[in-house]
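Derivation of every value follows stated rules applied to the coordinates shown; laboratory data play no part. Please read all numbers here as calculations on a predicted model, not as lab measurements. Here the Cβ is made from the backbone with ideal geometry for all residues, glycine too, and neighbour counts use every protein chain on show.
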Amino acid sequence: MGRNFCQIYGSVYLERDPKRQAGTQFTVYEESEDAFANLVVYKEDNKLFADEPGLWYLAPNRDFADFVIFVTPNRNLADFGVYFTKTRSFAGCKN
C-alpha cells in the first residue's frame, strides 16, 4: 500500500455507511484489543491537540475532516486495524 496510515492525525471522519465507502481514503477495522492493532488512536476533544500520529479529533461530518476513513465490520477487507485507547501516551503507530 502506497499510503502511510502511520501519518493519520488531525480531524478524522469515520464513515460507517457502505454506500459511501468510495469517497474514503482508508478502510479500517476496529480491534477489541491493542495487541492486534496497527495504529493505537486517542480521541482528542480539541482539534488543535490532534497534532501527532494516532491523535484523532473525530469530525462531525466529512466536510470538516482531514481524513475520511471507512470502518468495516470485516477484518479481511481493512487496510489496517485501529484500537481506541483512553490513554493519550499510548497513541501511535505500532509498525
Inset, instruction - State whether one or more residues within region 37-51 are in contact with a Pro (Cβ under 9 Å, 6 or more places away or on another chain) and small (Gly, Ala, Ser). - result: no
Legend entry - Members of region 30-65 found to be part of a loop (DSSP other than H, G, I, E, B) and surrounded by 15 or more Cβ atoms within 10 Å (Cβ to Cβ), listed by number: GLU31, ALA37, ASN38, ALA50, PRO53, GLY54, ALA59, ALA65
Legend entry - Positions within region 39-87 being of a type outside the set (A, V, I, L, M), over 23 Å from ALA22 (Cβ atoms) and in contact with a helix residue (DSSP H, G or I) (Cβ under 7 Å, 6 or more places away or on another chain), in sequence order: TYR42, PRO53, TYR57, TYR83, THR85
Legend entry - So TYR9, is it hydroxyl-bearing (Ser, Thr, Tyr) and either touching a Phe, Trp or Tyr at 6+ places or on another chain (Cβ under 7 Å) or surrounded by fewer than 19 Cβ atoms within 10 Å (Cβ to Cβ) (or both): yes
